[in-house]
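Here the structure comes first, spelled out in structure tokens, and everything after it is commentary.
The values are calculated or read from the model by the stated rules, or taken from the named source; none is laboratory data. It should be emphasised that the depicted structure is a prediction, and the values quoted were computed from it without experimental measurement. Here the Cβ positions follow ideal geometry from the backbone for every residue, glycine too, while neighbour counts run over all protein chains shown. Side chains included, ligands, DNA and RNA excluded: accessible areas come from the protein's heavy atoms. Shrake-Rupley method; radii C 1.70, N 1.55, O 1.52, S 1.80 Å.
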Amino acid sequence: MELRLSHQQERIVRRLNEGMATPKQLAEMLGKGYTELKAQSMVLTLARKGAIDKVKAALILHGTPMVKFLDM
């Protein structure tokens, strides 16, 4: 099964493959209209699709209600 990712999702995957980033850094990288919450939501979606490592996603989502949806 091929993953279909949007341009912004691909940018997040590339950034997280290079190293860690905070939700604030991801939102700034994505540009206008993206908040920390939106960036966190995208990280959760990408982790559930298998596009990024769930452990890395858990670190980014630490302290948020979204971390419980990672199914780890």
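Structure notes:
- Qualifying residue in region 58-67 (condition: surrounded by 19 or more Cβ atoms within 10 Å (Cβ to Cβ) and under 9 Å from the mean Cα position of the chain (by Cα)): yes
- Of the residues making up region 1-35, those that are open to solvent by less than 50 Å² (accessible area, probe 1.4 Å) and part of a helix (DSSP H, G or I) number 9.
- Any chance LYS38 is open to solvent by less than 60 Å² (accessible area, probe 1.4 Å) and in a helix (DSSP H, G or I): no
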